[in-house]
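S.K.: Have a look at this one.
The values are calculated or read from the model by the stated rules, or taken from the named source; none is laboratory data. Predicted model only: the values in this text are computed from it and were never measured. Note: ideal-geometry Cβ built from the backbone for every residue, glycine included; neighbour counts use all protein chains shown.
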Amino acid sequence: MNNTLRTTVLLAALTGLIVWIGQLLGGAQGAATALVFAAVMNLGSYWFSDRIVIAMYGGQEIREQDDPELYAIVKTLAQQNQMPMPRLFRIPSESPNAFATGRNPQHAAVAVTAGIQRLLTRRELQGVLAHELAHVINRDILIGSIAATLAGAVMMLARMAQWGMLFGGGRRDERDGGGGALGLVVMMILAPLAAMLIQMAISRSREFQADDTGARLVRDPEALASALRKIAEASAAVPLDASPQTAHMFIVNPLRASTLRNLFSTHPPLEQRIERLQRVAAELGHAAR
């Protein structure tokens with residue numbers, strides 16, 4: 001199954017999960033309401049994802065006169081790939097990281113932290129920015145934003161179910177189509193876990209693809225591999241104060257490491273990413289010869 005089809009299936013599964021929760025909470029009427037709710041959440045994330053995520057992290061827009069070197073790197077990469085110049089933002093954090101957001105290449109934004117600019121060489125930073133532009137080219141930014149929104153909606157509905165149990169919502173007549181108290185208990189346990197697994201699966205496949213595409217854009221996989229090593233090490237020492245719902249958007253998982261978070265990480269293991277980049281480097285090296 002290719003990435004596009006896999007992502008479509010997974011997003012459909014998230015939407016289906018929301019509808020299922022609605023059915024358990026309110027029968028057929030609840031399912032219909034949940035479907036409308038999912039559609040509204042999708043539309044909201046489609047139109048406003050860039051503004052919402054940038055604002056969450058206090059992003060400050062960077063214009064050419066503010067940082068000519070950074071602007072030039074992104075502008076050159078955009079021109080080489082015949083895509084519009086994305087808006088640039090700096091996140092005021094010493095934790096090194098970067099992400100892209102927006103609904104399409106015409107409305108894309110790339111954000112870097114202050115820490116990543118201090119940590120990386122120009123060559124490594126170019127590899128990171130190529131990775132982020134690859135997300136734009138591959139339309140990952142829209143997919144990731146919708147996945148984050150729907151996963152957040154599942155968590156919110158699961159919390160609503162908990163309150164419903166407290167106030168007797170699980171005792172409805174099963175003729176209404178609801179799942180009763182047992183169904184609500186099962187849903188409260190499984191729904192957040194399922195949302196996390198679906199979001200994780202979307203992100204992991206997309207990170208591999210962005211690594212591959214970005215490395216080929218600059219024909220320098222070693223630079224991206226070196227940057228990933230540095231970012232992962234420094235980010236572990238200085239974690240970013242990030243929301244779990246948006247963690248998958250960053251080039252390296254910004255959350256503080258733990259056994260549970262490593263198990264359900266939205267990012268592939270660093271060793272696997274570097275191994276794949278090394279294979280791309282060998283392939284490009286053979287092609288050059």
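S.K.: Does residue 61 count as charged (D, E, K, R) and surrounded by 21 or more Cβ atoms within 10 Å (Cβ to Cβ)?
M.R.: Criteria not met by residue 61.
S.K.: From the list 289, 219, 261, exactly one residue is at pLDDT 90 or above, over 25 Å from residue 38 (Cβ atoms) and not β-branched (Val, Ile, Thr). Which is it?
M.R.: 219
S.K.: If you don't mind, another one. Out of the residues in region 129-142 that are over 17 Å from residue 73 (Cβ atoms) and in a helix (DSSP H, G or I), state the one that is modelled with the highest pLDDT.
M.R.: 140
S.K.: Any residue that is out of contact with any Asp or Glu (no Cβ under 9 Å at 6 or more places or on another chain), exposed (fewer than 13 other Cβ atoms within 10 Å of the Cβ) and over 20 Å from residue 251 (Cβ atoms) - is there at least one of those in region 66-75?
M.R.: Checked against the condition, which is being out of contact with any Asp or Glu (no Cβ under 9 Å at 6 or more places or on another chain), exposed (fewer than 13 other Cβ atoms within 10 Å of the Cβ) and over 20 Å from residue 251 (Cβ atoms), region 66-75 yields at least one hit.
S.K.: Would you mind finding the one in 116, 73 that is over 16 Å from the mean Cα position of the chain (by Cα), among the hydrophobic types (A, V, I, L, M, F, W, C), part of a helix (DSSP H, G or I) and within 22 Å of residue 245 (Cα to Cα)?
M.R.: Answer to the selection: 116.
S.K.: For region 100-128, which positions are of a type outside the set (Val, Ile, Thr) and at pLDDT below 95?
M.R.: Listed by number, the residues that qualify are 100, 102, 103, 104, 105, 106, 107, 108, 109.
S.K.: Further question: Return yes when residue 79 is over 29 Å from residue 256 (Cβ atoms) and part of a helix (DSSP H, G or I) and no when it is not.
M.R.: yes
S.K.: Just checking, how many residues over region 230-241 are surrounded by fewer than 22 Cβ atoms within 10 Å (Cβ to Cβ) and closer than 22 Å to residue 205 by Cβ?
M.R.: 1
S.K.: Do we find a residue being under 16 Å from the mean Cα position of the chain (by Cα) and free of Cβ contacts under 8 Å to residues at least 40 places away in the same chain anywhere in region 62-69?
M.R.: No; the residues of region 62-69 include none that is under 16 Å from the mean Cα position of the chain (by Cα) and free of Cβ contacts under 8 Å to residues at least 40 places away in the same chain.
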